[in-house]
Amino acid sequence: MSKIVSTLMALLTIMMVQDASAQCETWVGSAQEDDLRNAHSIYRQALKINDYTIAFSNWEKAYNGAPAADGKRDYHFIDGAALYKHKFEAATDEAQKKEFADKVIELYDAAIACYQSRGIVLPCSTDECYDQKISFVEGRKAYDMFYTFRMPYDDIGKSLEKAVALGGNKTEYIVFAPYTEVVIYQFTNDKMTAPRAREIYEELNAIADYNIENNKKLGTYYQQAKDAMNGRFAYIERQIFDCEYFKEKLRPDYDADPDNPEVIKNVLAILKGQGCEPGDPLYDELDTKYKAWVEEENARRLAEFKANNPAFIAKDLYDQGKYNEAISKYQEAIDSEEDTAKKAEYLFGIASIQYRKLQQYSDARRTALQAAKIREGWGRPYMLIGDMYGSSARSCGDSWNQRLAILAAMDKYSYAKSLDPDVAEEAQDRISKYYGSMPSQDEGFMRGIKAGQTVKVGCWIGETVRVRYN
């Protein structure tokens, strides 16, 4: 059995060698050498003037007779790929387009096979020299697969990976853009791990940096390709890189403008999001600066807010027990306010202080009525006046006059209730509370006052009320 297997393997090897030999056949020593050379020259000239009809017929003759031309160049493969690509772009039938696309890939692969088998002889004979040439063809193949034929990203990725692995620092810059798009697609669709995406990113950047530094002829192109590549990688960089990467990336931005709060905020936010933690020197430096800036900015904004909002200061002064100062600030707010509803609120605030904190009942009533006047349909000022009357009733003389004061309070609650639905329930609760404090009929009889008569309330209230008995 082992002899049979060995024999089969030997036969397979012979067949592969023969196939590669036929694929890399040259015109050297051929009976058709002159005709093939002539066809080669004609198609090459025709390509220069974009005469694709003459170019294709002569290329086909030259390729079929000698795929590897003179055995020292890949023109017949690469030019053939260009001719079929032209056919692809001109075709409208999908089946035909696929046929042409497949032919282009076949020609690229044939060129690669000839380099691998040394069927095409290069001036340099080292493995590195052949690897770089294969890398170039793989890169061009992948470029066409991506931009022209829109082939599956899995296939494009394999070709790009080979191009970079073989080419190293000599990898052509045109592969950067398609490789970046393939990596982003594969990673975002869970077909590539973060470590692998990061490895490709670092590999491509290293190649770009080498050529920017050492390739005088094409360094600018590598710089442009790198910038475009990294701009696209930004789409996934926060998912594939850690704290150390972003520290290195963002440190120059911070060093260039270390006192700019926006720069500090943005860099710190990104570092936090990428897993940087307190204890890291750069993180701590940024965090300290940002906190100091926030504290300073908050103080500035508060001062600005207070300067432009005297009503806010008035409330603050009230909370501190500085009632007269609070009234002054409310008055300042009223003088600078154009919104009548807000003016009424500020007047109500003054009235509340005058009544509840300073016991300036007459002033408080006057201020409350001002608030009610400029904000129609608002019952709250009348509720406050009712509270004044009710709370000061005991200081309005004898029992009779005290109870008249209660009627005055109830009248204000009733008016507030009729005026403003928002206070109706609250007003009714207070009215109900005072039913037991209304004048008694016996006391009214003794004074000769019947229900329904109007009388004037004494003390500071001075209101006229209609007498009702409990």
Residue ID - surrounded by the most Cβ atoms within 10 Å (Cβ to Cβ), chosen from residues in region 78-101 that are closer than 24 Å to Pro123 by Cα and free of Cβ contacts under 8 Å to residues at least 40 places away in the same chain: Gly80
Ala371 under 19 Å from Gly458 (Cβ atoms) and among the small types (Gly, Ala, Ser): no
Region 52-64, residues that are closer than 18 Å to Ile78 by Cβ and either buried (at least 18 other Cβ atoms within 10 Å of the Cβ) or of a type outside the set (S, T, N, Q) (or both): Tyr52, Ala55, Phe56, Asn58, Trp59, Glu60, Lys61, Ala62, Tyr63
Residue satisfying condition, being under 30 Å from Glu296 (Cβ atoms) and not hydrophobic (A, V, I, L, M, F, W, C), within set Pro178, Pro261: Pro261
Filtered residues of region 274-289 (kept if over 13 Å from Asp255 (Cα atoms), outside any loop (DSSP other than H, G, I, E, B) and out of contact with any Pro (no Cβ under 9 Å at 6 or more places or on another chain)): Pro281, Tyr283, Thr288
Residue check for Leu36: at pLDDT below 95, assigned to a helix (DSSP H, G or I) and either exposed (fewer than 14 other Cβ atoms within 10 Å of the Cβ) or in the same structural domain as Gly80 (by TED's automatic domain parsing) (or both): no
Single residue of region 116-132 satisfying the filter (of a type in the set (D, E, K, R) and over 24 Å from Val183 (Cα atoms)) that is surrounded by the most Cβ atoms within 10 Å (Cβ to Cβ): Arg118
Set Ala351, Ala368: member being free of Cβ contacts under 8 Å to residues at least 24 places away in the same chain, in a helix (DSSP H, G or I) and surrounded by 23 or more Cβ atoms within 10 Å (Cβ to Cβ): Ala368
Residues of region 117-173 that turn out to be small (Gly, Ala, Ser), touching a helix residue (DSSP H, G or I) at 6+ places or on another chain (Cβ under 9 Å) and more than 25 Å from Phe187 (Cα to Cα), as a count: 2
Those residues of region 258-273 which are loosely packed, with under 12 Cβ neighbours inside 10 Å and in contact with a helix residue (DSSP H, G or I) (Cβ under 9 Å, 6 or more places away or on another chain), in sequence order: Asp259, Gly273
Residue within region 419-437 that is in contact with a Leu (Cβ under 9 Å, 6 or more places away or on another chain) and among the aliphatic types (A, V, I, L, M) present: no
Flag if Leu204 is crowded, with 16+ Cβ neighbours inside 10 Å, modelled with pLDDT of 95 or more, out of contact with any strand residue (DSSP E or B) (no Cβ under 8 Å at 6 or more places or on another chain) and in a helix (DSSP H, G or I): yes
Evaluation of Ile112 against (1) in contact (Cβ under 8 Å) with a residue 60 or more places away in the chain; (2) part of a helix (DSSP H, G or I) (one fails), failing number: (1)
Count of residues meeting criterion [assigned to a helix (DSSP H, G or I), in contact (Cβ under 8 Å) with a residue 24 or more places away in the chain and farther than 12 Å from Met383 by Cβ] in region 412-465: 7
Residue match in region 241-254 (condition: closer than 18 Å to Glu296 by Cβ and over 18 Å from the mean Cα position of the chain (by Cα)): no
Answer residue from region 75-116, given it is more than 43 Å from the chain's Cα centre (by Cα) and either basic (Lys, Arg) or modelled with pLDDT under 95 (or both) and is farthest from Ser135 (Cα to Cα) among those: Lys87
So Asp19, is it at pLDDT below 95 and either among the β-branched types (Val, Ile, Thr) or assigned to a helix (DSSP H, G or I) (or both): yes
Condition met for Ala197 (in contact with a helix residue (DSSP H, G or I) (Cβ under 8 Å, 6 or more places away or on another chain) and either acidic (Asp, Glu) or closer than 25 Å to Tyr147 by Cβ (or both)): yes
Number of positions in region 55-73 that are more than 19 Å from Cys129 (Cβ to Cβ) and either among the charged types (D, E, K, R) or in contact with a His (Cβ under 8 Å, 6 or more places away or on another chain) (or both): 8
Output for region 428-447, where each listed residue is of a type in the set (Ser, Thr, Tyr) and surrounded by 15 or more Cβ atoms within 10 Å (Cβ to Cβ): Tyr434, Ser437
Enumeration of residues in region 290-340 that are part of a helix (DSSP H, G or I), exposed (fewer than 14 other Cβ atoms within 10 Å of the Cβ) and of a type in the set (S, T, N, Q): Asn298, Asn308, Asn324, Ser336, Thr340
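The values are calculated or read from the model by the stated rules, or taken from the named source; none is laboratory data. The model shown is predicted, which means the values in this text are computed figures rather than measured ones. Positions of Cβ are generated from backbone atoms using ideal geometry, with glycine treated the same way; all protein chains shown enter the neighbour counts.
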